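Derivation of every value follows stated rules applied to the coordinates shown; laboratory data play no part. All values reported here derive from a predicted model rather than from experimental measurement.
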Amino acid sequence: MALWIVMAALAAATCLSLLVPLYRAGRPRPAENASAMAIYRDQLDELDRDVARGILAEGEAGAARTEIARRLIRAGASASATVAEPGERRRRIAAVAIVAMPILALVAYLILGSPEQPDQPLAARPEAVAREQVTALVAKVEAHLASVPDDGKGWEVVAPVYMKLGRYDDAVRAYTNAVRLLGATAEREGDLGEAIVQANNGTVTPAANDAFARAHALAPDDPRPRFYLALALGQSGKTSDAVAAWHALLDGAPADAAWVAAGRAELAKLEEPGPTAADEAAAANMTADQRVAMIGDMVAALAAKLKSDPDDADGWARLMRSYMVLNRPDDARAALADARSAVAGDAVKGAIVEAAAQELGLAEQTQ
């Protein structure tokens, strides 16, 4: 709607800019014409007086009288034309301009414009422009690398841009070339491993695991390769090794580190209550109801433990997951409420509880 209002205002302004000078140019000036005609009449009277006094001969006066009369007639005709023109011809011109110009503008827009195109949200416009600029720059770097494929710095520069754009396979190729041409460092190997993980939807593949192992060897205290190596152990089913790796990484970790909450969530999933080897052997001879009862007893034991040790955020996360596995969502919501009260004031433990609630779909239900 705003576009049409602007277009109408522009059309009106254009018409006025043409019509105002047009009307000004055509205004009659009767006072000027009447004055000229009076002067010519006075000249004729003066001419007759000169002839009567004998100052001017009749033959000479005739030629002058003819010239003055001709000017008088022309002045009278000019006055008539000036008055008549704005009443007819210029009004027609004005009407045509007022009607034709907006119509021509509308036709031109319908032919050349895109009236059916929806408005783009204002917030998305700078982002879209920035993305186009980045894409153009990437295209230039790619053209350079096509002609100079051994430019390691070029591959290292474009690799993180590929990651930002979600082009993970291209990022893997770029990081691989950077490592090959510039040499292995903990940062380059870690970046390569992360690119491989992203390209495989979060799975730490053997190739990614190898990259993180090389990064860990180059920088043993760097938490990034240790994080992914622990994640790989859990994904491969090596639960006890994964639990040990997570504890080694999380114990003494900075409370404000961005990766701590994710690491604790992974550890909590691995430490969920489950049957021991002896329990599994005994369960082989149990009925289905007896197995359910056994699992219920283990969950009840965990709930009792949390009453005496309510600061255990990982334990609350395990309890909520256990209730959801047993199809007891009401108990899970109650456990979330208890957990929030227990860890209130501790940002790190609160983040662990909320991450588990979000994962289980409980956070929205209890807000």
Give K140/K164; K305/K349; K238/K305 a once-over and call out the pairs whose C-alpha atoms are over 19 Å from each other. K238/K305
From largest to smallest, what semi-axes in whole angstrom does segment 277-366 give when each is the square root of 5 times an eigenvalue of its alpha carbon gyration tensor? 27, 14, 10
